[in-house]
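Shown next, in structure tokens, is the structure this report addresses.
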Amino acid sequence: MKLTSYWLDTSKPFSGGAMGPLEESYDVAVIGGGLTGSSAALTLAKKGARVVLLEAETIGNAASGRNGGMCNNGFAQDYGVMSERLGRETADTLYRAFDLGVDTVERLIREEGIDCNFARVGKLKLAAKPEHYDKLARAQELLAAHVDPDTEMVTRADLPGEVGSDRYYGGLIYRKSATIHIGRFVRGLAEAAARHGAAIFEHTPMTGLKPAPGGGHIVQTPRGETRVRQVLLASGISHTGRPLSWVRRRIVPVGAFLIVTEPLPVETLDRLVPRRRNCVDTKNLVNYFRTTPDNRLLFGGRARFAVSNPASDQKSGAILRASLNEVFPELRDARIDYCWGGMVDMTRDRLPRAGERDGIYYSMGYSGHGTQMSTLMGTIMADVMDGQAEANPWKNFDWPAIPGHFGKPWFLPVVGAYYRIKDRLQ
């Protein structure tokens with residue numbers, strides 16, 4: 001069993017990296033080589049900007065290359081609850097932004113010729129308990145009436161046509177959602193950005209940032225420093241020191257963990273996931289699953305509220321293995337070839353944040369919406385930095401610090417215990 005991301009292990013490493021020291025100046029510095037940074041660098045370069053992208057490790061190494069590879073439209077939260085909290089007009093605007101995110105992923109793949117197995121297979125949200133089905137049905141009625149007629153309920157009686165498990169009580173289908181090989185996508189975006197002229201430096205963390213005399217910023221790195229007019233912070237959890245420590249009080253890094261089986265017979269997958277949809281359940285400690293391009297089953301979830309490291313990943317993998325056996329007993333003897341974890345940037349309300357603070361632009365805190373929203377926001381922030389502030393769907397959202405949170409998420413075990421109790425009681 002490999003303790004590494006299946007997506008990164010089965011995609012070609014980024015090959016378009018710049019060498020040597022940084023140039024004396026650029027128009028824009030993009031900090032972070034994930035989906036946000038790569039799509040922003042690509043869009044800015046196509047606008048004619050001189051762009052430098054700085055990645056502390058390798059392209060896609062963090063959350064962008066360690067997720068489930070699901071490109072889902074719709075909120076992770078209940079649509080009715082979101083409408084009550086935000087107001088119907090705002091909720092609908094944001095919902096359509098998630099739709100646009102999936103469309104943007106598909107557009108960039110087509111325009112740049114990225115081979116990453118994109119397929120509009122749909123998402124199925126599975127009711128983990130009978131009362132969860134009723135809540136999903138109420139949400140679907142509102143969705144169909146106001147913002148997404150491409151949704152449909154599946155009763156428990158009809159569920160075998162969607163999932164070969166008796167663990168669930170029906171579900172809600174979102175037809176616009178897609179699967180993707182996320183490693184090939186994020187690395188393909190970076191390759192496209194490099195082709196269009198962006199200078200992309202791997203293994204080059206930003207070590208300092210200060211105002212430049214006369215305007216702009218001085219960005220400091222192990223490869224030297226450079227002067228830029230604008231900075232886009234496209235990575236949240238790695239920047240703990242000044243002048244970006246304010247991010248750490250607003251984002252909680254939460255571990256997400258995944259396992260991937262050995263390649264399975266097609267007839268087995270035809271029984272278990274006949275339509276090859278992205279599947280996610282309604283538990284607080286959520287589980288999700290999908291197939292891979294080479295006929296494996298990926299199974300992931302919150303497993304434990306803990307950070308990701310080799311020992312933690314193995315413990316979480318054992319929990320996921322037990323859950324997989326519960327959902328699909330016939331895979332009890334299937335070999336597990338991959339087990340890994342990654343850190344998800346969570347905000348207090350589980351909605352992203354993007355904007356500008358003290359002359360630094362940022363987009364982060366995707367809270368599990370990453371594939372589609374981070375790609376969309378990379379392109380949108382390129383427009384915002386080009387003077388189109390109104391393009392930002394999160395422009396009117398404030399972002400207060402999380403009470404009691406000063407950098408290290410000391411409260412994660414307590415939160416995990418709370419959600420486990422809720423899953424038992426609800």
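Observations on the structure shown:
- Test: residue in the stretch 149-157 that is of a type in the set (Asp, Glu) and over 20 Å from the mean Cα position of the chain (by Cα): yes
- Conditions (1) buried (at least 22 other Cβ atoms within 10 Å of the Cβ); (2) in a loop (DSSP other than H, G, I, E, B); (3) among the acidic types (Asp, Glu); number of the one not met by ASP349: (1)
- Meets criteria (over 21 Å from ALA62 (Cα atoms) and within 19 Å of the chain's Cα centre (by Cα)) for LYS123: yes
- Residue in the stretch 258-275 that is part of a helix (DSSP H, G or I), of a type outside the set (D, E, K, R), more than 22 Å from the chain's Cα centre (by Cα) and at pLDDT below 95 present: no
- Test: residue in the stretch 135-152 that is among the small types (Gly, Ala, Ser), assigned to a helix (DSSP H, G or I) and buried (at least 20 other Cβ atoms within 10 Å of the Cβ): yes
- Residue match in the stretch 313-334 (condition: surrounded by fewer than 19 Cβ atoms within 10 Å (Cβ to Cβ), modelled with pLDDT under 95, more than 23 Å from ALA178 (Cβ to Cβ) and basic (Lys, Arg)): yes
- Counting only residues that are modelled with pLDDT under 95 and assigned to a helix (DSSP H, G or I), the stretch 14-64 holds 2 of them.
- Here the stretch 158-203 is the region considered, the condition is being assigned to a strand (DSSP E or B) and among the hydroxyl-bearing types (Ser, Thr, Tyr), and the residue that is surrounded by the fewest Cβ atoms within 10 Å (Cβ to Cβ) is TYR174.
- Only one of SER5, SER64, SER83, SER39 that is crowded, with 16+ Cβ neighbours inside 10 Å, farther than 24 Å from GLY355 by Cβ and small (Gly, Ala, Ser): SER5
The values are calculated or read from the model by the stated rules, or taken from the named source; none is laboratory data. No experiment lies behind these values; they were computed from the predicted model shown. When we count neighbours, we look across all protein chains shown, and the Cβ atoms used for this are built from the backbone with ideal geometry, even at glycine.
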